[in-house]
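Have a look at the structure below, then the notes.
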Amino acid sequence: MFHTHLWIGVLATALIVVVSLTGIMLNHKDVLGFMPDAEAVEPGLDGALPLADLVRAAEGAAGNTVAAAGVDRMDVRPDNGYVKVRFGDRVVTEVTVALRSGEVLQVGERNDVFIEKLHSGEIFGDGWILLSDALAIGLLLLLVSGTWMWLYPKARM
């Protein structure tokens with residue numbers, strides 16, 4: 001039991017350190033400058049352009065090479081009056097476009113995507129997302145085995 005507890009603890013500790021550090025970095029990604037940020041414009045969805053038009057505006061601002069990688073995701077923020085269009089290129093370019101006018105507000109790299117993927121385990125492939133589940137199970141095993149190793153000698157007395 002001791003050696004099982006020890007080695008699960010060593011592996012879990014390494015994973016906890018990675019998840020903890022990347023989690024802290026993600027919590028403060030604005031301060032650390034990992035993502036471009038745009039000033040809010042007129043809020044609301046009333047009078048917003050169709051998403052296809054907003055994507056075309058983003059593709060035009062990003063350039064042909066980035067646009068060829070395709071849109072990875074879009075983050076519509078009605079309270080700020082813009083949509084963030086993230087492309088699937090190697091450096092993960094993000095273009096912020098005003099919802100109503102189609103004006104490009106910001107173009108920049110998302111430097112937090114690598115950290116997000118490392119934090120979730122996705123960087124090693126989709127199957128590694130289960131890494132957080134394995135970590136949780138490992139922590140439960142440590143809790144049970146550690147409690148057992150602490151209580152068992154006391155119960156035998």
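The values are calculated or read from the model by the stated rules, or taken from the named source; none is laboratory data. Just so you know, these numbers come straight off a predicted model, no measurement behind them. Using ideal geometry, Cβ is built from the backbone for each residue, glycine included, and neighbour counts are taken over all protein chains shown.
Structural remarks
- Where Asp133 falls short, out of the listed (1) under 16 Å from Pro36 (Cα atoms); (2) acidic (Asp, Glu); (3) at pLDDT below 85: (1)
Residue-by-condition table, conditions (1) out of contact with any Leu (no Cβ under 8 Å at 6 or more places or on another chain); (2) among the basic types (Lys, Arg):
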site: His3; (1), (2): yes, no
site: Leu6; (1), (2): yes, no
site: Met25; (1), (2): no, no
site: Ala38; (1), (2): no, no
site: Ala69; (1), (2): yes, no
site: Asp79; (1), (2): yes, no
site: Arg86; (1), (2): yes, yes
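- Any hit, region 72-80, residues being of a type in the set (A, V, I, L, M) and either in contact with a strand residue (DSSP E or B) (Cβ under 7 Å, 6 or more places away or on another chain) or without any contact (Cβ under 8 Å) to a residue 12 or more places away in the chain (or both): yes
- Residue in region 82-96 that is farther than 20 Å from Val113 by Cα, in contact (Cβ under 8 Å) with a residue 40 or more places away in the chain and among the β-branched types (Val, Ile, Thr) present: no
- Region 85-99: number of residues that are buried (at least 18 other Cβ atoms within 10 Å of the Cβ) and either more than 16 Å from Gly63 (Cα to Cα) or of a type in the set (A, V, I, L, M, F, W, C) (or both): 7
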